[in-house]
Every structure is written in C-alpha cells, then in structure tokens.
Amino acid sequence: MSVYVDDMRAKFGRLIMCHMLADTDAELHAMADRIGVARRWWQSPEKTSGSHYDIALSKRALAVQAGAIEITWRQASAMNARRRVCGNLGPPESALDWLLEHRDAQRRAKASQASQVDPPEPSASKPLTNSLVPVA
C-alpha cells in the first residue's frame with residue numbers, strides 16, 4: 001500500500017499545487033495528517049475523479065520525505081481511471097499501458113456492437129427488385 005504525489009504544477013492563488021493520492025483513504029488521510037494538511041482539503045470521490053488531496057509543493061516535499069512515491073500527472077490520471085474501473089490504483093509503472101489497453105478494448109467493443117446491429121427491414125410499400133432483372 002502506498003501514497004503517491006504527482007508532478008502537476010497548478011497555480012492556486014500564490015501557491016503551486018499538485019495531487020496526493022493513495023491506495024486507500026486511510027493511508028491518504030494518515031499522510032495528510034502527518035504532513036499537516038487539513039481534512040477539509042480532501043477531494044472525495046463523489047465530488048471529483050477520485051479520492052485525493054490538492055497539496056502545495058511545500059507539503060509535497062514533506063510527503064516525499066515521509067515516503068510518498070513520486071509519479072507523473074499522467075500516471076496519476078491513469079491510476080484514477082483504473083481505480084474507477086477496477087477498484088484499485090494499481091502500480092504506477094503499468095498505469096499508462098493499462099489505460100491505453102482499456103481504451104483500445106472499449107473501442108473494439110463499440111465497433112463490435114456497431115457491426116452486430118441488424119440491417120433495417122425492407123419497406124413493405126416497395127417491392128423487392130433485382131436491378132439486373134426487369135420488373136414485369
């Protein structure tokens with residue numbers, strides 16, 4: 001079980017912010033308590049893409065000193081997507097590959113569904129004809 005901090009740099013007033021996420025909410029809140037981030041800054045899964053804190057770079061440095069694993073913002077995004085689908089973040093090393101494979105599988109499933117749609121029934125008002133054979 002791990003806590004992660006990404007390399008995103010977003011301005012928030014005079015602060016520069018990044019994300020902190022974890023395998024479990026208990027670990028996430030424990031790290032927030034340890035580095036002095038108030039619980040009111042928690043971004044709950046009901047309100048956002050996944051359970052996380054937006055933290056200032058000074059708090060990020062404290063989190064890394066306390067054992068948080070540094071990841072890219074793309075890995076953080078892919079890990080949150082995996083959590084929404086699979087229920088867990090999974091390892092950051094495979095997050096981007098997982099996301100690409102997941103999206104590819106979704107595209108294949110959508111294409112397969114589209115190809116399985118039955119063609120529309122011919123209209124009863126028009127007789128079926130073969131363009132090569134004249135209608136008498």
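Read-outs: derived from the displayed coordinates by stated rules, not from any lab. As the structure is a computational prediction, the values presented were derived from the model and not from experiment.
In order along region 63-68, the Karplus-derived 3J(HN,Hα) couplings, from 6.51 cos²θ - 1.76 cosθ + 1.60 at θ = phi - 60°, round to 5, 4, 4, 8, x, 5 Hz, and Gly and Pro are given as x. Near the amide H of Ile55, within less than 5 Å, lie the amide hydrogens of Cys18, His19, Met20, all on another chain or at least 5 residues away, with H placed in the peptide plane. Panel values: region 29-80, Kirkwood radius from alpha carbon pairs, Stokes-Einstein at 4 °C and 1.567 mPa s, translational diffusion coefficient 111 µm²/s.
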